[in-house]
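Working notes for the structure below.
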Amino acid sequence: MSLPDEKTRAMQSARRFLYDLLNPQATPRVPKAVRDRARRVVKHYPFDFEIAEMMEVYHADRVRDDVSKADG
């Protein structure tokens, strides 16, 4: 099971990977179709602060669910 900070780092790493795919200097042999798809995905990919906010909500929900299971 991944910890919230591990999930956050994985999502941030995925965004960096998408940006690398868009950069011909970083990834010179990537086909145009892959670059185009990465561009479409990264257009809607969350920024670091949004990822952090989502993970805070996710973690708070998990804690609340664990507490309610323990009470219930």
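Each value in this text was obtained by applying a stated rule to the coordinates, not by laboratory testing. What you see is a predicted model; the values in this text were computed from it and never measured. Note: ideal-geometry Cβ built from the backbone for every residue, glycine included; neighbour counts use all protein chains shown.
Counting only other residues whose beta carbon sits under 15 Å from that of Ser68, what net charge do I get with K and R as +1, D and E as -1? Please report the intermediate quantities before stating the final value.
Numbers: positive: Arg62, Arg64, Lys69; negative: Asp61, Asp65, Asp66, Asp71.
In short, -1.
With an 8 Å Cα cut-off and a minimum separation of 6 or more residues, compute the relative contact order for the chain in percent. Could the numbers behind the result be given before it?
Details: 29 pairs, mean separation 25.1, N = 72.
It rounds to 35 percent for the chain.
What's the exposure ranking of Asp71, Asp5, going from fewest to most Cβ atoms within 10 Å? Spell out each step's value before the answer.
Details: Asp71 6, Asp5 11.
Starting with the residue having the fewest Cβ neighbours, the order is Asp71, Asp5.
Return the label of the correct value of Cα extents along the principal axes in Å, as calculated from the structure shown, out of [x] 40, 30, 19; [y] 55, 20, 19; [z] 61, 24, 16.
Recomputing Cα extents along the principal axes in Å here picks out [y].
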